[in-house]
Amino acid sequence: MKSFEKYLMAANRGVMIALLATMAVIIFANVVLRYSTNQSIEWAEEVARYLMVWLTFLGAGPVLRYGGHIAVENFQDSLPIAWARAVRVVIALMLTGFFGFIVWYGVIYVDRVQFQMTPTTQISMSWVYASMPVGGVLLLAHWLLIVRDYVLTRTFASDSHFDATASASL
């Protein structure tokens, strides 16, 4: 399982890096052309926007693994350990349901917009909306890989990274 987790993270990061790099190159080229030639790339803004949508959905899983999403933990901190775990079980079930909802409705959206075309590039909007079910599946996979540690001890990958960094500097 650790091998799968390692490859999942590497693939997810690689795709995110490629999307961000592509977006940066397109925007940079468009700005340079706009100011140097008074012309701009017609499709640059549209493609960059859709790359950002994909980047958002693909990046949600790795951010979740590191506890980077907003969380209100004061309530859990004020409870005894058993009650705090019970609250985390409820949260885990709700998040699992929400991630399933994203996948389910993402598939519905992909189907609904398959004949709608983007304004400039004239590609099917289903390619843009496909980011929802793909990102949702990745989010669910990342969540299932960390949910046990979250429920039992409320730890994330960033906690272990911080501990390793702190102990290495001592």
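Please count how many residues of segment 17-35 are crowded, with 16+ Cβ neighbours inside 10 Å and either aliphatic (A, V, I, L, M) or in contact with a Leu (Cβ under 8 Å, 6 or more places away or on another chain) (or both).
4
Considering only segment 72-88, state which residues are surrounded by 14 or more Cβ atoms within 10 Å (Cβ to Cβ) and within 22 Å of the chain's Cα centre (by Cα).
Answer for segment 72-88, where residues must be surrounded by 14 or more Cβ atoms within 10 Å (Cβ to Cβ) and within 22 Å of the chain's Cα centre (by Cα): just Arg88.
Identify all residues within segment 47-65 that are surrounded by 14 or more Cβ atoms within 10 Å (Cβ to Cβ) and either part of a loop (DSSP other than H, G, I, E, B) or of a type in the set (D, E, K, R) (or both); write none if there are none.
Once the filter is applied, which keeps residues that are surrounded by 14 or more Cβ atoms within 10 Å (Cβ to Cβ) and either part of a loop (DSSP other than H, G, I, E, B) or of a type in the set (D, E, K, R) (or both), segment 47-65 yields only Arg65.
How many residues are touching a helix residue (DSSP H, G or I) at 6+ places or on another chain (Cβ under 8 Å) and either touching a residue at least 24 places away in the same chain (Cβ under 8 Å) or of a type in the set (Lys, Arg) (or both) when one looks only at segment 48-82?
Adding up the residues that qualify gives 20.
Answer with yes or no whether Ser40 is in a loop (DSSP other than H, G, I, E, B) and either surrounded by fewer than 11 Cβ atoms within 10 Å (Cβ to Cβ) or more than 13 Å from the chain's Cα centre (by Cα) (or both).
yes
Go through segment 104-136 and give me each residue that's within 28 Å of Ser3 (Cα to Cα) and surrounded by 18 or more Cβ atoms within 10 Å (Cβ to Cβ).
Hits for segment 104-136 are Ala130, Ser131, Met132, Pro133, Gly135, Gly136.
Would you tally the residues in segment 17-33 being in contact with a Phe, Trp or Tyr (Cβ under 9 Å, 6 or more places away or on another chain) and within 23 Å of Val63 (Cβ to Cβ)?
Result for segment 17-33: 1.
Rule-based calculations on the coordinates, nothing more; no lab input. Just so it is clear, the structure is predicted and the values come from calculations on it, not from any experiment. When we count neighbours, we look across all protein chains shown, and the Cβ atoms used for this are built from the backbone with ideal geometry, even at glycine.
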